[in-house]
Amino acid sequence: MPAAQAEPKGRSLWSDAYRRLLKDKLAIICFWIIVFYAVVALAAKLGWIATPWDRAVGPAYSPPSFGAFELWLGTDIFGRSVMYKVIHGARVAMSVGLVSCMISIPIGVSLGALAGFYGGWMDDLITWFYTVLSSIPNILLLLAIAFVVGKGITAVYIALGVTSWIGLCRVMRGEFIKHKNRDYVVAASSLGATNASKIFRHILPNVSHFIIISLSILFMSAIKSEVILSFLGLGVQGQPSWGIMIDDAKLELARGVWWQLAGATAAMFFVVLAFNILGDSLRDALDPKIK
Amino acid sequence: MFVYIVRKLLNTIPIIFGVAIVIFVLFNMVGGDPALMMVGKHANAQRIAELRAEYGFDKPQIEQFVQYLKQIVTFDYGRSYATRRQISDMISDGLGPSMSLTLPAFFLTTFLAVIIGLVVAYFRGKWIDKSAVVFCVFGMSIPVLAYILFGQYFLAYKLGLFPISGYEQALSERWQYLVLPMILWVVVSLGYDVRFFRTAILEETGQDYVRTARAKGLSEQKVFFKHVLKNSMVPIITNVVIEIPLLILGAFLFEGFFGIPGIGSITIEAIGNSDFPVIKAMTTLFALLYIGGNLATDILYTLVDPRVSLK
């Protein structure tokens with residue numbers, strides 16, 4: 001136990017975690033990789049780079065060459081730039097990650113908080129609901145929703161959003177059960193705090209680090225699922241997606257066209273790797289038990 | 001014990017009922033008219049009316065729901081829209097090919113992952129451990145589709161080590177088609193499994209009983225393989241069951257790519273054909289299998305870990 005522990009001034013969990021995270025060089029690199037993807041995605045969305053992606057920039061299936069930027073990864077069957085498609089694939093992947101997290105995190109947090117805080121029939125009902133949903137294997141539920149809502153990026157948002165909140169909900173429920181009888185909550189309620197203020201002002205800040213950790217995991221799984229859904233033809237339509245590019249590559253490989261597969265795979269590999277490592281570091285940094 | 005099992009069995013009834021409601025609402029209500037979804041572009045009024053009559057879509061919702069519950073109990077899901085075959089026959093035909101790929105691959109992966117997890121946890125903090133963790137994270141980050149395409153293209157097509165795809169019913173022929181998907185399966189799942197088992201085992205090594213075992217002079221090997229391994233069985237079993245849904249995902253892609261006529265291939269084809277009754281039957285079937293798997297774990301727990309109370 002280092003002597004620094006004895007210092008009288010307390011530090012909050014967040015500043016503590018932030019300090020620990022800054023020391024983790026690898027995590028910082030991963031963070032900037034993700035920021036880079038986000039910036040590229042945003043720039044593509046705003047039309048600043050890689051536009052238009054669906055214009056022929058050379059003959060069909062020309063191999064990568066280090067001349068113009070748009071030819072770095074060669075061209076596809078219609079002579080379109082694979083580089084541009086990879087960039088727009090990143091736009092689709094990042095938007096799917098972002099939107100599905102914006103749907104699933106509020107659902108997971110609020111249902112978990114309600115179940116854990118109130119207990120009783122509320123808990124029974126919510127537990128029953130997520131047990132039912134988690135009984136239907138995720139990929140089939142995804143396929144079913146995407147199939148029913150109709151193909152397209154909206155279906156992917158909805159399907160991922162409404163299927164991926166269960167893990168976070170379980171964690172939140174457990175934490176709220178643990179925290180609701182802690183001294184600080186009892187103190188708050190003896191001062192006349194309402195249930196809403198206990199949930200949002202007192203307990204939620206104390207368990208919010210779980211939301212950050214699951215954000216990185218959810219974002220990554222959303223990206224992976226989007227690729228598989230698009231690959232199966234249920235994902236985005238009429239836009240480039242890493243999944244569709246890999247699907248195209250299935251037939252192209254036999255003709256020696258490897259760059260579309262390589263581009264999509266590499267793009268996906270680095271962002272998923274960054275999320276994997278950052279997620280681990282966040283867990284280490286934010287878990288007060290590990291010091 | 002018997003009472004415990006019966007109670008667990010009864011507990012699954014509301015879950016199964018819930019699954020039936022979710023699937024029914026999803027398929028028969030959210031998506032609008034199922035008959036329209038099935039015919040798609042080639043819709044004409046007469047064809048739609050026929051379909052409605054055949055699958056009972058013209059009846060009141062509640063009657064359709066009761067009909068669906070009946071299907072779940074009797075395992076008779078009617079006929080496929082695309083192939084006109086009895087769905088239960090399609091499933092029982094697909095079961096053999098699916099099982100002969102998934103079961104050996106799954107057990108091999110779990111076996112290897114537990115062994116590697118143990119070795120790595122034994123050398124915790126040393127270079128073996130550190131490099132294994134790096135390998136795992138890298139392995140986990142490579143998309144499954146890339147593994148499959150790479151294996152199929154290089155190992156099967158370029159080097160000719162394996163058939164590219166296909167399947168034979170005869171057991172003596174069957175294995176050669178299954179080797180490559182099985183190897184790829186193991187490679188794909190090993191990263192996640194090893195990392196998980198390593199963590200599970202390391203969590204045990206900090207416990208009091210480990211210190212006690214060391215204090216009474218047991219060798220490190222004995223502490224590890226006798227005491228720690230037994231106690232880390234609980235998280236290991238949980239993980240094995242949690243992986244069943246992932247297993248199905250794996251089966252999907254592997255069966256599709258390697259032309260193995262299993263449940264996964266049938267489902268992918270059904271999605272391509274908008275074969276509504278088949279997709280619904282498959283979703284139901286897998287949910288039931290998953291509930292069964294969970295039930296089995298709960299019962300297994302009590303056998304493996306006497307601390308799990310039967311209350």
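Nothing in this text is a laboratory measurement; each read-out follows from the coordinates by a stated rule. Computed from a predicted model, the values in this text were never measured in an experiment. Here the Cβ positions follow ideal geometry from the backbone for every residue, glycine too, while neighbour counts run over all protein chains shown.
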Quiz item: Which whole number gives the average, over all residues in A:221-231, of C-beta atoms from other chains lying within 10 Å of the residue C-beta?
Solution: 2
Quiz item: Where nothing but the Cβ of Lys and Arg (+1) and of Asp and Glu (-1) is charged, how large is the charge dipole of the range A:152-223 around its Cα centre, in debye to the nearest 20?
Solution: 180
Practice problem: Return the FRET efficiency for the residue pair residue B:76, residue B:45: r is the Cβ-Cβ distance, R0 is 30 Å, and the value is rounded to the nearest 0.05. | Solution: 0.55
Exercise. Give the residue from A:108, A:71, A:122 lying farthest towards the positive end of the charge dipole for the range A:1-133; charges sit on Cβ (+1 for Lys and Arg, -1 for Asp and Glu) and the dipole is referred to the Cα centre.
Key: A:71
Exercise. With a/c under 1.5 counting as rounded, go ahead and sort the range A:1-139 into rounded, prolate or oblate using the C-alpha gyration tensor (a ≥ b ≥ c being the square roots of the eigenvalues; past the cut-off, prolate if a/b is larger than b/c, else oblate).
Key: oblate
Exercise. Compare the Cα positions of B:232, B:177, B:292 along the charge dipole of the range B:174-309 (+1 at Cβ of Lys, Arg; -1 at Cβ of Asp, Glu; about the Cα centre) and return the one farthest towards the positive end.
Key: B:232
Exercise. Wrap a convex hull around the Cα atoms of the range A:72-168, take a quarter of its surface area, and give that in square nanometres.
Key: 7.7
Self-check item: C-alpha center-to-center spacing [the range A:13-37, the range A:121-158] in angstrom
Solution: 33
Exercise. Pull out the extension gain between residue B:302 and residue B:89, defined as 0.36 nm times the separation in residues minus the alpha carbon to alpha carbon distance; nm, one decimal.
Key: 73.1 nm
Quiz item: What is the distance in Å between the Cα centres of the range A:202-251 and the range B:222-240?
Solution: 33
Quiz item: Got the relative contact order for chain B handy, in percent, Cα pairs under 8 Å and 6 or more residues apart?
Solution: 26
Exercise. Note down the magnitude of the dipole of the protein assembly as shown about its Cα centre, charges +1 on Lys and Arg C-beta and -1 on Asp and Glu C-beta and zero elsewhere, to the nearest 20 debye.
Key: 1680
Quiz prompt | Exercise: per-residue mean of other protein chain Cβ atoms within 10 Å, B:152-165 | solution = 1
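Ranked highest first by average number of other Cβ atoms within 10 Å, how do B:114-126, B:269-281 line up?
Descending packing order for the listed peptides: B:269-281, B:114-126.
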Exercise. Mind giving me the FRET efficiency for residue B:123 and residue B:53? R0 is 56 Å, r the Cβ-Cβ distance, nearest 0.05 is fine.
Key: 0.25
Quiz item: What shape does the range B:16-91 take by its C-alpha gyration tensor, where a ≥ b ≥ c are the square roots of the eigenvalues and a/c under 1.5 counts as rounded, a/b above b/c as prolate, and the rest as oblate?
Solution: oblate
Quiz item: Once the other residues with Cβ under 12 Å from the Cβ of residue B:227 are scored (Lys, Arg +1; Asp, Glu -1), what is the net sum?
Solution: +3
Quiz item: By how many degrees, between 0 and 90 and to the nearest 10, does the Cα long axis of helix A:242-252 differ from the longest principal axis of chain A?
Solution: 40
Quiz item: Dipole of the range B:6-103 (Lys/Arg Cβ +1, Asp/Glu Cβ -1, origin at the Cα centre): which of B:95, B:77, B:15 lies farthest to the positive side?
Solution: B:15
Quiz item: Among residues other than residue A:108 whose Cβ falls under 11 Å from its Cβ, what is the net charge (Lys/Arg +1, Asp/Glu -1)?
Solution: +2
Exercise. State the number of lysine pairs found in chain A whose Cα atoms come within less than 17 Å, restricting to pairs 8 or more positions apart or on distinct chains.
Key: 6
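Give me a single rounded figure for B:134-140: the average over its residues of other chain Cβ atoms within 10 Å of their Cβ.
Details: counts 1, 0, 1, 5, 3, 0, 4.
Going residue by residue through B:134-140 and averaging, the value is 2.
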Self-check item: Amide proton proximity set for residue A:80, modelled H, under 5 Å, gap of 5+
Solution: A:57
Quiz item: Can you give the charge dipole size of chain A about its Cα centre, rounded to the nearest 20 debye, using +1 on the beta carbon of Lys and Arg and -1 on the beta carbon of Asp and Glu?
Solution: 620
Quiz prompt | Cα long-axis angle, helix B:263-272 against chain B (0 to 90 degrees, to the nearest 10) | solution = 50
Exercise. Mind jotting down the distance between the C-alpha centroids of the range B:157-208 and the range A:57-88, whole Å?
Key: 35
Quiz item: Please identify the chymotrypsin sites (Phe, Trp or Tyr not before Pro) of the range A:246-275 that satisfy two criteria: DSSP loop assignment and at most 15 other Cβ atoms within 10 Å. Which are they?
Solution: none
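Kindly provide the helix-only [θ] at 222 nm of the protein assembly as shown, computed as the sum of -39,500 (n - 2.57) over DSSP H runs of four or more divided by all residues, to the nearest 500 deg cm²/dmol? Provide the component values of the computation, followed by the final result.
Details: 24 runs with 416 residues, N = 602.
That comes out to -23000 deg cm²/dmol.
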Quiz item: What FRET efficiency, computed as 1/(1 + (r/R0)^6) with R0 = 35 Å and r the Cβ-Cβ distance, is obtained for residue A:20 and residue A:177, rounded to the nearest 0.05?
Solution: 0.80
Quiz item: Going by alpha carbons, how many degrees (0 to 90, nearest 10) lie between the helix axis of A:153-163 and the longest principal axis of chain A?
Solution: 30
Practice problem: In vacuum, with every alpha carbon of chain B counted as one equal point scatterer, what does the Debye formula give for log10 I(q)/I(0) at q = 0.06, 0.08, 0.10, 0.15 Å⁻¹? Two decimals, please. | Solution: -0.29, -0.50, -0.74, -1.24
Quiz item: If you take the square roots of the eigenvalues of the alpha-carbon gyration tensor of the range B:152-311 and sort them as a ≥ b ≥ c, do you get rounded (a/c under 1.5), prolate (a/b over b/c) or oblate?
Solution: oblate
